[in-house]
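Student: What follows is a structure written as C-alpha coordinates; I'll ask about it next.
The values are calculated or read from the model by the stated rules, or taken from the named source; none is laboratory data. The structure displayed is predicted, hence computed values, not measured ones. Here the Cβ positions follow ideal geometry from the backbone for every residue, glycine too, while neighbour counts run over all protein chains shown. Ligands, DNA and RNA are excluded from the accessible area calculation, which covers all protein heavy atoms including side chains. Shrake-Rupley method; radii C 1.70, N 1.55, O 1.52, S 1.80 Å.
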Amino acid sequence: MRRCSRTACTAEAVATLTYDYADSLAVLGPLSFTREPHSYDLCARHAERTSAPRGWQIIRHVTLGEVGFTA
(Lines give C-alpha, C1' and ligand atoms only; values in the text may rest on other atoms or scores of the structure.)
Protein backbone atom coordinates (compact mmCIF):
# COMPACT_ATOMS: atom_id res chain seq x y z
CA MET A 1 0.00 0.00 0.00
CA ARG A 2 1.31 3.45 -0.91
CA ARG A 3 0.49 6.44 1.25
CA CYS A 4 -0.71 9.88 0.15
CA SER A 5 2.16 12.28 -0.64
CA ARG A 6 0.55 15.16 1.27
CA THR A 7 2.32 16.07 4.49
CA ALA A 8 0.87 14.38 7.59
CA CYS A 9 -1.70 12.39 5.56
CA THR A 10 -1.57 8.67 6.24
CA ALA A 11 -4.42 7.63 3.93
CA GLU A 12 -3.92 5.14 1.14
CA ALA A 13 -3.07 6.67 -2.26
CA VAL A 14 -5.60 6.10 -5.07
CA ALA A 15 -4.47 8.63 -7.71
CA THR A 16 -1.25 10.05 -9.20
CA LEU A 17 -0.72 13.72 -10.03
CA THR A 18 1.91 14.83 -12.53
CA TYR A 19 2.78 18.26 -13.93
CA ASP A 20 3.79 19.20 -17.47
CA TYR A 21 5.51 22.53 -16.94
CA ALA A 22 6.09 23.19 -20.65
CA ASP A 23 2.35 23.05 -21.38
CA SER A 24 1.11 24.45 -18.01
CA LEU A 25 -0.82 21.23 -17.50
CA ALA A 26 -1.59 19.08 -14.45
CA VAL A 27 -2.74 15.50 -15.02
CA LEU A 28 -4.56 13.53 -12.33
CA GLY A 29 -5.23 9.88 -13.01
CA PRO A 30 -5.41 6.44 -11.46
CA LEU A 31 -2.56 5.40 -9.18
CA SER A 32 0.53 4.62 -11.25
CA PHE A 33 1.97 1.10 -11.09
CA THR A 34 5.21 2.36 -9.55
CA ARG A 35 6.16 5.39 -7.49
CA GLU A 36 7.75 8.08 -9.67
CA PRO A 37 10.07 10.74 -8.22
CA HIS A 38 8.41 13.60 -10.14
CA SER A 39 4.78 12.75 -9.38
CA TYR A 40 2.53 12.83 -6.33
CA ASP A 41 0.41 9.94 -5.08
CA LEU A 42 -2.82 11.24 -3.53
CA CYS A 43 -5.60 9.77 -1.39
CA ALA A 44 -9.21 10.15 -2.55
CA ARG A 45 -9.80 13.26 -0.40
CA HIS A 46 -6.75 15.12 -1.67
CA ALA A 47 -7.32 14.00 -5.28
CA GLU A 48 -10.86 15.42 -5.23
CA ARG A 49 -9.66 18.73 -3.77
CA THR A 50 -6.68 19.18 -6.08
CA SER A 51 -6.72 22.18 -8.40
CA ALA A 52 -4.26 23.43 -10.98
CA PRO A 53 -2.14 26.52 -10.43
CA ARG A 54 -3.57 29.78 -11.78
CA GLY A 55 -3.31 29.84 -15.57
CA TRP A 56 -2.89 26.06 -15.80
CA GLN A 57 -5.27 23.41 -17.07
CA ILE A 58 -6.04 20.22 -15.14
CA ILE A 59 -6.99 16.96 -16.83
CA ARG A 60 -8.64 14.26 -14.73
CA HIS A 61 -8.54 10.70 -16.06
CA VAL A 62 -11.00 8.33 -14.47
CA THR A 63 -11.35 4.65 -15.28
CA LEU A 64 -14.64 2.78 -15.00
CA GLY A 65 -15.03 0.82 -11.80
CA GLU A 66 -12.65 2.99 -9.79
CA VAL A 67 -13.37 2.89 -6.08
CA GLY A 68 -12.79 5.86 -3.81
CA PHE A 69 -11.92 8.41 -6.47
CA THR A 70 -14.30 10.64 -8.40
CA ALA A 71 -13.58 13.54 -10.69
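Student: Are any residues in segment 10-26 assigned to a loop (DSSP other than H, G, I, E, B) and closer than 17 Å to residue 56 by Cβ, and if so, which ones?
Tutor: Matches in segment 10-26: 24 only.
Student: If I ask for residues that are part of a loop (DSSP other than H, G, I, E, B) and under 9 Å from the mean Cα position of the chain (by Cα), which ones from segment 27-62 would you list?
Tutor: Residues of segment 27-62 that are part of a loop (DSSP other than H, G, I, E, B), as a first pass: 31-38, 43, 50-56, 61-62.
The answer is 31, 43, 50.
Student: Continuing with this model, one more query. Are any residues in segment 38-49 more than 11 Å from residue 16 (Cβ to Cβ) and in contact (Cβ under 8 Å) with a residue 24 or more places away in the chain, and if so, which ones?
Tutor: First pass over segment 38-49, keeping only residues more than 11 Å from residue 16 (Cβ to Cβ): 43-46, 48-49.
43, 44, 45, 46, listed by residue number.
Student: Which pairs turn up if I take residues in segment 12-37 that are open to solvent by 80 Å² or more (accessible area, probe 1.4 Å) and look for partners that are part of a loop (DSSP other than H, G, I, E, B) and not polar (S, T, N, Q) with beta carbon separation below 8 Å, at least 6 apart in sequence or on another chain?
Tutor: Note: pairs meeting the criteria are 12/1; 12/2; 12/4; 12/43; 35/2.
Student: With respect to residue 71, is the statement that it is surrounded by 17 or more Cβ atoms within 10 Å (Cβ to Cβ) and either among the aliphatic types (A, V, I, L, M) or modelled with pLDDT under 95 (or both) true?
Tutor: no
Student: Still on this structure, please answer the following. For segment 1-15, what are the residues that are touching a helix residue (DSSP H, G or I) at 6+ places or on another chain (Cβ under 9 Å) and not hydrophobic (A, V, I, L, M, F, W, C)?
Tutor: Initially, segment 1-15 is screened for residues touching a helix residue (DSSP H, G or I) at 6+ places or on another chain (Cβ under 9 Å), giving 4-6, 9, 11-15.
The answer is 5, 6, 12.
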